[in-house]
1. Give me the angle, in degrees from 0 to 90, between the Cα long axis of helix C:166-183 and the longest principal axis of the Cα atoms of chain C, rounded to the nearest 10.
2. Taking the Cα centroid of segment C:268-347 and of segment B:162-214, what is the distance between the two, rounded to the nearest whole Å?
3. Would you kindly calculate the translational diffusion coefficient of chain C, applying Stokes-Einstein with the Kirkwood radius from alpha carbon pairs, for 10 °C and a viscosity of 1.306 mPa s, and quote it in µm² s⁻¹ without decimals?
4. If the convex hull of the alpha-carbon atoms of the protein assembly as shown is projected onto planes in all directions, what is the mean projected area in square nanometres?
5. Using the 10 angstrom Cβ neighbour count as an exposure proxy, how do C:20, C:11, C:101, C:42 rank, fewest first?
6. Taking N as the number of residues in segment C:238-353, what is its alpha-carbon radius of gyration divided by 2.2 N^0.38 Å?
7. Can you tell me the orientation of helix A:128-157 relative to chain A, as the angle in degrees between its alpha-carbon axis and the longest Cα principal axis, to the nearest 10?
8. What fraction of the DSSP beta bridges in chain C is antiparallel, stated in percent and rounded to the nearest 5?
């Protein structure tokens, strides 16, 4: 099949590459034109000098990090326990983890606002910290499908049940098993789930906007309405950041136990044989 | 179990609240009025617009993504091109939302690079011809930027699952290229392609941030209408808002479940 | 005129030549196996005959027609694959009908032929099932029915039994051979399993490094291997270094003493030779039995009970052990490990390798 129609596939591929490349080039080009008549990085400088930008970005990074931590703490023990002890619950747990793909974030936050609004038993939206908490919770829910799948795949790859039995037969305690055997082995999976969560939450708009948080997503939308060149600069930076996150995720996903971008304190480096 | 309690409190309960609310009148009695209210011209137009836009963007995404996947996998492209585009697709399919809108404003906006270049070099004023980035087709083209890569990623396993031996067996039995595709290739791929189309449809249907960043709140697809309802109760009836949300959930569920069902069916074949 | 003729075939992938100057003339209704280790070029030869690969030089003729430049779908061949390669979207009947349908055979004729083929492979009544509902053996039967339904001129089998369980493999190879005989269809079979090749074939082509080392009946290949490679590849073999003392009478000097091969050899005196013989050629000589002309002693080191056969290894000189296969006959007691034994071998069963 290699001998026929090479022109067709080449044209299709070329067209796709053009379609992918042109908007990036256009945004980049546009972002350099802030100063009339010359190409400069002024738009980038202007973005970084904006205190609101720094605040919004910091807030979103913190919220995303909290969502990652919360999500991992929720998903890892659950996935482990379900694989080991409650395989019957597996379809239920998996189904729930997929629900956020079906329920748009607008709908989710709508429900949460009504549920935890001022007149409810758990009025989270009345206080600032409560609203922040609700935002993080929203992000945890939003990233649940990705986190769960990443962790569950990681556990599937390393026969959790046998490893646990092997460790128990050698006399290890349950906590020791989780921290010295299970976690190091699925670390790559957790990290890749974390990066995915981060890339979803950092620029998230609907939940942040409806909870009136001054997060990065609403900030970008506002900037898009007020300014011309800065949004293009932001688009380029976001795209670069997404690349970096995906690259890191791939690196972690392909990483084998023992080699590492970072090492956990309880892991001693073993001498090469 | 913390997982079940957490998801119950923060996912299932809020959504159930909306679902139940969709069948209640403001004073708490059971009613179908809200669901019937979805037929109100403003809401119905909104759904119709969303469905048309999602359908168009999913269709274009499916066709172009399929063409691209076919070209990369079966068209004898060098491996490095294939790998580069696959990695890029991983990024681009996650590059939705606000920054994507900005990039397209710089490309096809009134002062966008492509708009200006076409006018200066070719004398074609696309805005003069009725095109606008902030319209139906402008949005469809923008959506394509994450739809096509997503299609490439989800359809690749299915195309790779077309075994070389099937083609060879067909050829040895005397089948021509088109006979192979008509009798074997296309029927084997069909459930996967249809499934992926539905996934793309759902993906477009739920898109909010890109639309807001491109059009403000002027382009009233369902998520925008709901967004405005939450913001300011533009429907003047909270329970009607619940019905609006339920309608979204239903459309998303149907397309996602069909996607999962078709994928399962396709996997059964490809063992 | 032979039905399938392969002339001076050469196939190179870049600098790597995988088939070198390969010739084969197949008679009508003949069953020939291409046998060899992986990477020997046997599959490439088959794929060139099928038309999936183009030869670098050389030609393929079917029925006197040069098909070298024809596409696979114009060659009227049938093919079976290791992975069955059944079309997953079609039923069993749909698969078998495929070749008939694409060549425009009428619907009624197609139905009749499909029923006939399914009956032939013992799957009558399975027509409405889908491939994923069948076992491996059943799938491969369907693949056979599909391959022969359009009445191909040549049937090509690419390791069709390798993916199956041992028992089914043996049953199916008998069935394939029986159907091949019944239809009189010329068949080229690729395998790395020598037992399969021996059991099924009229002739076997032993391939090594892209070349045909020997073409012959299973009997010839086993008993008169033409090269050291063939001798070593087929069956188990004992090897014994030797020096030729007298070419006229076939006297050689070996680590186990002088042996007479009882025939004249073409090599000159003093040449280093390798003697080879099968484990079943060696005989344990019971006490009091008359000694044959070629005999020597050894000590039994290991004993493997294999059912019909008991396999010994005996040390016959320092660092030199030989395998001995004995039939397990009831009432006959075989010696135990550690025993000193006397071994005999008929001179004509000793092969001389250079």
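1. Computed tilt is about 60 degrees.
2. Cα centres, segment C:268-347 to segment B:162-214: 65 Å.
3. 69 µm²/s
4. For the Cα atoms of the protein assembly as shown, the hull's average projected area reads 53.7 nm².
5. Ascending Cβ contact count within 10 Å gives the list C:20, C:101, C:11, C:42.
6. 1.10
7. 60 degrees
8. 75 percent
The numbers here are math on the coordinates, done by the rules we state, and not lab data. Note that this is a predicted model, so its numbers are computed, not measured. Positions of Cβ are backbone-derived with ideal geometry, glycine not excepted, and every protein chain shown enters the neighbour counts.
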